[in-house]
Amino acid sequence: METTPTFLSYLYALLAIARGDWRRYWRYPLNAVAQVFQPVIWLTPVFFMGQAFSANGAAEGFAAYTGTTDYMSFILIGTALNNFITAVFWGMGYALKNDMDTGVLESNWLAPIPRPLLLVGKTLSSLLLTAITSASMLVVAGLLFGFRTSGSALAAAAAAIPMLIGLYGFGFAFAALVLVLREANSLVDVSSFLVMLFSGANFPVTVLPRWLLPIALIMPLTYGFDVVRGFLLKTRTLLPIPQEIGLLVFFMFLMVALGLWVFRILERRVRVKGTLGQH
Amino acid sequence: MTAWAIEAVDLVKRFPRKAQAETGETRDGEAAASQRRPWWPFGKKAEPAWFTAVNGVSLGIARGEVFGLLGPNGAGKSTTIRMLCTLLEPTAGTALVNGYDVRKQPNQVRQSLGTVLGGERSIYWKLTARENLEYFAALYHIPPDLAKRRIAGLLERMELTARANDLVEKYSSGMKQRVAIAKALLARPPIVLLDEPTLGLDPQAARRVRELIGELKAEGHTILLTTHYMEEADQLSDRIGIIDQGQIIALDTPAALKELIGQKDVVRLEIANWHPDMDTGLRRLPGVSNLVMRRLESDSLWEVNLQADSSRAILSGIIEGVNQNGTRLVNLNIVKPSLEDVFIHLTGKALRD
Amino acid sequence: MAVQLEPYAPVPSLARDDFPAKLRAQWAVFTRAWTIFRRYPTWVAAVLIWPVIFPAVYILGARALAGPDGRGLAAFVQATGIQDYIGYIVVGTTVWMWQNIVLWEVGTSLREEQLRGTLESNWLTPTWRFSFLLGSSASQLIEMILFLGISYIEFSLLFGVQFQGNPLLALLVILLCIPSIYGMGFTFASLVITAKEASAFVFLVRGVVMIFCGITFPVLLLPEWMQLVAGWLPQTYMIEAMRMVTLGGADLRAVAPDLAALAGFGVFWLAVGFLVFGWMDRRARQAGTIGQY
């Protein structure tokens with residue numbers, strides 16, 4: 001049966017992928033519980049560490065760096081955002097590796113969908129799931145540690161969108177790397193930890209030693225975190241917010257273009273070498 | 001004190017039913033025994049159902065004998081052998097190995113046994129052959145200078161000396177198996193247990209292993225061999241125990257077992273394009289019993305084994321009956337009964353799956 | 001074939017049962033574990049990198065909390081009695097990493113062998129079975145000593161942490177930590193074989209230690225009930241004693257109560273580890289677990 005693919009048919013295909021992923025996830029509901037409580041566990045020593053540095057419940061030292069004494073809300077925002085980053089950034093690469101390991105990559109690859117769109121489809125359900133688990137985590141952590149925001153959540157979310165789209169660009173590049181190297185884990189563990197470190201998920205980047213600060217400043221993620229916190233907590237941002245948003249939009253276009261380009265090149269290389277089916 | 005090197009009396013092993021999947025042994029026809037405890041009024045509390053892997057196995061193996069335990073997958077061979085080497089505690093029954101009780105004197109049993117279980121997976125791939133043997137020699141409490149001599153001798157015998165200092169992960173399957181066998185022989189045990197020793201080996205490697213078994217017997221070792229390859233059991237064993245569904249259904253020398261089939265002929269057919277009527281047609285021929293069919297791996301050929309009082313009498317009937325309805329007789333052989341035929345005779349099913 | 005019925009005399013093999021033979025067997029387990037460990041080269045990078053980057057997150061967070069002019073530090077000194085907040089955090093996080101790695105590596109050591117197929121081979125020998133755990137743990141301990149040594153060098157060089165205090169006393173503290181940590185490891189190893197699943201156990205324990213034992217904060221800041229729980233965890237005493245000795249210059253008399261607690265926990269956990277192992281072995285013999293995967 002010959003059918004010409006339309007936009008609608010692509011959409012249906014993406015939704016089918018997303019639905020499959022969604023169902024598979026909920027077969028192990030304990031995963032969801034772990035994803036909500038694991039960050040809470042990791043945040044507990046941070047909370048009490050902050051208490052150690054606080055007088056009368058206010059972290060004055062922290063305020064001198066950031067403009068707010070509420071270090072926990074600062075970190076919680078970072079943690080929630082980091083979840084999304086993980087889902088997009090590494091999600092596509094992992095999905096690819098998974099397909100390779102289970103042997104379905106070749107058949108998926110032959111589907112009449114533009115490959116980048118296939119990869120995006122694989123992140124759809126994980127984005128929704130991340131939203132759910134992050135929100136739950138914020139509720140639980142908020143109850144335990146306190147989570148207070150004063151600005152507009154909508155504005156913050158809107159500002160985060162260019163960052164996430166730009167991340168897709170990186171995600172394509174990383175996925176292409178996984179295709180070529182056929183390996184995901186070792187690369188990712190240390191890299192994701194370092195990215196989290198340098199983008200300021202857990203602390204203001206201004207505390208980094210002088211010689212490391214430039215690394216943080218060239219990463220678009222850093223400004224993403226900064227802008228969201230600027231809106232929600234009224235913290236002191238590295239650059240004025242409009243400028244940071246501008247930077248994020250610029251990076252968005254740059255990263256997507258770059259990522260797609262890298263992906264096309266490496267993907268063609270894999271096709272030429274014929275290594276798609278191996279793992 | 002018994003006369004047997006290995007003696008098992010009514011060995012039984014039962015597993016709780018949910019453990020069935022773990023042991024990999026499956027059996028049909030085992031009734032699930034979920035009952036309500038009569039004194040518990042609140043709801044049904046099911047008793048764990050029991051799966052019997054070995055159901056009263058008795059055997060005696062004489063010193064210096066090669067004994068083959070032959071049976072299909074899931075028959076209970078692995079379970080039996082594990083009870084004998086003290087890895088598994090019998091639910092009931094007793095076993096004596098080298099005169100020692102497997103339950104009460106397990107350490108002495110282990111000292112008396114050389115075992116090859118799990119083939120190439122039973123040795124360390126990140127060690128060299130020599131390192132593996134040195135390690136296990138120490139675990140078998142062999143004094144160091146003696147161990148050194150034993151290891152050199154075994155490496156020589158297994159033709160591994162040239163590569164003795166390479167990591168085992170670089171060896172072929174056959175070489176890995178030889179290391180596993182060398183490990184079993186380190187302590188010069190009086191009794192050697194070999195669980196499917198040629199499984200997964202190429203024909204040449206398998207032949208070497210079989211030759212080795214012959215040599216070991218000549219040196220006075222007692223050998224218990226489990227296999228589902230009937231030619232192997234036939235060729236190597238002094239006596240064979242046929243095991244199926246956890247019980248020994250026959251135990252005797254290969255020759256005596258084949259005589260169970262009596263004067264029957266065995267006809268082996270290869271048929272293309274099998275038609276369902278074929279089955280009934282063949283069975284109706286006079287004197288035919290124990291018809292067993294198996295689809296061959298290649299193409300759409302079916303192999304049919306049947307036993308008949310006189311193959312001569314039914315030969316024309318077969319040829320006529322088969323070449324109908326689009327089926328075609330590709331091959332026909334009249335053979336001497338093999339152990340597989342004995343198995344079919346005793347159980348009505350094929351030895352191989 | 002006719003079979004003679006004569007009295008059966010057991011035929012001996014070359015195995016001997018004397019004590020030197022048993023010692024040699026134990027040594028062989030250790031050398032085997034260490035040899036195989038050395039042949040997987042990835043551990044080098046892990047031992048070099050993780051000691052530094054794991055505490056880094058907390059240290060930088062603490063730096064933010066202290067403030068650019070150190071105004072948050074006063075509160076910290078009051079809460080802990082220690083000025084060197086970097087050293088404070090480093091000690092806590094290193095102990096956490098140490099017990100985390102031990103639980104994981106020792107905890108999965110038997111299961112690993114089971115999956116590879118060599119567990120059965122070991123179980124078929126007449127060697128005392130607990131020595132398999134002891135031997136591979138001894139090898140793991142050597143790896144941990146390297147880990148701790150490298151951590152110490154890296155913190156002194158990169159973070160400028162000044163460890164004062166009596167090095168012999170510090171060594172004593174470390175020695176007294178070993179029985180508890182490895183006793184827990186033995187317990188895990190047996191539970192993991194029985195449950196065929198490792199992650200859940202390890203995540204649970206490392207989560208508990210992270211929350212209760214004061215890895216980056218003084219336990220006194222915890223609410224009452226949490227302090228009670230912390231008192232039952234040997235890691236709490238390990239961290240406290242190490243901090244007192246290496247950062248607070250404490251002498252033997254000052255840390256004696258903590259050391260006594262550690263000694264007690266050590267005996268307890270070694271006993272538990274040994275008993276659970278025996279339980280696992282008997283259970284495995286009933287179910288035939290050893291050969292499965």
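The values are calculated or read from the model by the stated rules, or taken from the named source; none is laboratory data. Keep in mind it's a predicted model, so treat the numbers as computed, not measured. Quick reminder, even Gly has a Cβ in these numbers, built from the backbone with ideal geometry, and neighbours come from all protein chains shown. Remember, those area values only see protein heavy atoms, side chains included, never the ligands or the DNA or RNA. Shrake-Rupley method; radii C 1.70, N 1.55, O 1.52, S 1.80 Å.
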Single residue of C:Ile82, C:Ile153 found to be in a helix (DSSP H, G or I) and either open to solvent by 10 Å² or more (accessible area, probe 1.4 Å) or at negative phi (or both) | C:Ile153
Any idea which of (1) in a helix (DSSP H, G or I); (2) under 23 Å from A:Val227 (Cβ atoms) is the one A:Ala95 doesn't satisfy?
-> (2)
What are the residues in region C:205-221 that are open to solvent by 20 Å² or more (accessible area, probe 1.4 Å) and facing chain A (nearest Cβ under 10 Å), if any?
-> C:Arg206, C:Val208, C:Ile211, C:Phe212, C:Val219, C:Leu220, C:Leu221
Hey, among the residues in region B:115-171 that are within 11 Å of chain C (Cβ to nearest Cβ) and of a type in the set (Ser, Thr, Tyr), which one's farthest from C:Gly291 (Cα to Cα)?
-> B:Thr128
Assuming C:Val47 fulfils every condition listed in (1) more than 13 Å from chain B (Cβ to nearest Cβ); (2) under 16 Å from C:Gln140 (Cα atoms); (3) modelled with pLDDT of 90 or more apart from one, which condition is it?
-> (3)
Residue selected from region A:35-49 under the condition touching a residue at least 40 places away in the same chain (Cβ under 8 Å) and open to solvent by 50 Å² or more (accessible area, probe 1.4 Å), by the criterion nearest to the other protein chains (Cβ to nearest Cβ) | A:Phe37
Of all residues in region B:203-225 being touching a Gly at 6+ places or on another chain (Cβ under 9 Å) and more than 15 Å from B:Phe67 (Cα to Cα), which is most open to solvent (accessible area, probe 1.4 Å)?
-> B:Gln204
Residue ranges of helices (runs of 4 or more DSSP H) in region A:1-82 with at least 2 members more than 23 Å from A:Val140 (Cβ to Cβ) = A:7-26, A:60-66
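Would it be correct to say that A:Pro209 is at pLDDT 90 or above and more than 18 Å from the chain's Cα centre (by Cα)? So that I can check it myself, show each step before the final result.
On the way: at pLDDT 90 or above: no; more than 18 Å from the chain's Cα centre (by Cα): yes.
No, not satisfied.
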Here is a list of conditions, (1) touching a helix residue (DSSP H, G or I) at 6+ places or on another chain (Cβ under 9 Å); (2) open to solvent by 50 Å² or more (accessible area, probe 1.4 Å); (3) more than 19 Å from C:Gly92 (Cβ to Cβ), and C:Ser190 meets all of them except one; can you say which number that is?
-> (2)
Would you pick out the residues in region C:10-28 that are surrounded by fewer than 11 Cβ atoms within 10 Å (Cβ to Cβ) and either at the interface with chain B (Cβ under 7 Å from one of its Cβ atoms) or at pLDDT 90 or above (or both)?
-> C:Phe19
Quick one: which residue in C:Arg63, C:Arg111, C:Arg38 is more than 16 Å from C:Leu141 (Cα to Cα), more than 7 Å from every other protein chain (Cβ to nearest Cβ) and basic (Lys, Arg)?
-> C:Arg111
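Per-residue answers, yes or no, for (1) facing another protein chain (nearest Cβ under 9 Å); (2) under 19 Å from C:Ile211 (Cβ atoms); (3) modelled with pLDDT of 80 or more:
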position: A:Met1; (1), (2), (3): no, no, no
position: A:Thr6; (1), (2), (3): no, no, no
position: A:Arg24; (1), (2), (3): no, no, yes
position: A:Val33; (1), (2), (3): no, yes, yes
position: A:Thr68; (1), (2), (3): no, no, yes
position: A:Ile85; (1), (2), (3): no, no, yes
May I ask you to verify whether A:Val195 is surrounded by fewer than 21 Cβ atoms within 10 Å (Cβ to Cβ), within 14 Å of another protein chain (Cβ to nearest Cβ) and of a type in the set (A, V, I, L, M, F, W, C)?
-> yes
Could you tell me whether region A:208-220 includes any residue that is surrounded by fewer than 16 Cβ atoms within 10 Å (Cβ to Cβ), at the interface with another protein chain (Cβ under 10 Å from one of its Cβ atoms) and not in a helix (DSSP H, G or I)?
-> yes
